[in-house]
1. For segment 71-181, what D do you get in µm² per second when you plug the Kirkwood radius from alpha-carbon pairs into Stokes-Einstein at 10 °C and 1.306 mPa s?
2. Which entries of LYS108/LYS135; LYS102/LYS125; LYS22/LYS128 have Cα-Cα distances beyond 29 Å here?
3. How do LYS102, LYS135, LYS5 rank by accessible surface area computed with a 1.4 Å probe, from largest to smallest?
4. What does the charge add up to near GLU9, with Lys and Arg as +1, Asp and Glu as -1, over the other residues with Cβ less than 15 Å from its Cβ?
5. I'd like the accessible area for HIS80: 1.4 Å probe, protein heavy atoms, all chains in place, Å² to the nearest 10.
6. Given only helices, namely DSSP H runs of n ≥ 4 each adding -39500 (n - 2.57), what is the per-residue ellipticity at 222 nm of the chain, to the nearest 500 deg cm²/dmol?
7. Would you work out what percent of the accessible area of segment 52-182, with all protein chains in place, is carbon or sulfur (probe 1.4 Å)?
8. What does the accessible area per residue of the chain come to in Å², with a 1.4 Å probe and no ligands, DNA or RNA counted?
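The values are calculated or read from the model by the stated rules, or taken from the named source; none is laboratory data. What you are looking at is a predicted structure, and each value in this text was computed from that prediction instead of being measured. So basically every Cβ, Gly included, is an ideal-geometry build from the backbone, and we count neighbours across all protein chains shown. Surface areas here come from the heavy atoms of the whole protein model, side chains and all, with no ligands, DNA or RNA. Shrake-Rupley method; radii C 1.70, N 1.55, O 1.52, S 1.80 Å.
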Amino acid sequence: MAWIKMIPEDEAENELKDWYEKLREPWGGVDNILRVHSIDIPTLKGHYELYSSTMKGSKDLSRKRREMIAVVVSTINRCHYWIVHHGAGLRKITRDDEFVDKFIKDYKSADLTEQDRTMLDYAAKLTKEPWNMVKADVQALRESGFSDVAILDIVQVAGYYAYVNRLADGLGVELESIWDEN
């Protein structure tokens, strides 16, 4: 579960119960990364809104690219929870287990377009050493064909996963039992 109290779905009442209904995943439950907010509904709402806007965002950055950034950031941060979640998302999109396994192990060894490699190198640098980011890093994305809206999305996705990696690891959020079956 987690190292702090999480209200079980069958004990949720009022507004929390409504949020749990809204957040119910196809597997039948609410992801633990959102349930960890059950003791503070404003942060639950905020987290959900941040996730939705970050991962759905503009049309300038595809869902596949968002998933790739999520996996790269989570892999750098060694966040098992999100590597599993977004590794699965990337598998669903690509339908290529070999690619995803190689990508998780070392994205630089995966078969990527030059544009994807530039994007992921940027996200990796932002994750590892944000204090060393310079205007030329953004210019490289622009020269690779990314619009300013896409660049903002890249930063938003990388930043979001820096946040949720720490949320998961800092509170000991465990994978949902559904992953035990996979």
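1. Details: Rh = 14.8 Å.
Once the numbers are plugged in, D ends up at 107 µm²/s.
2. Among LYS108/LYS135; LYS102/LYS125; LYS22/LYS128, the Cα-Cα distance tops 29 Å for LYS22/LYS128.
3. Ranked from most to least accessible, the order is LYS135, LYS5, LYS102.
4. Result for the neighbourhood of GLU9: -4.
5. 120 Å²
6. -20000 deg cm²/dmol
7. Working: 3480 of 6930 Å².
Answer for segment 52-182: carbon and sulfur cover 50 percent of the accessible area.
8. 55 Å²
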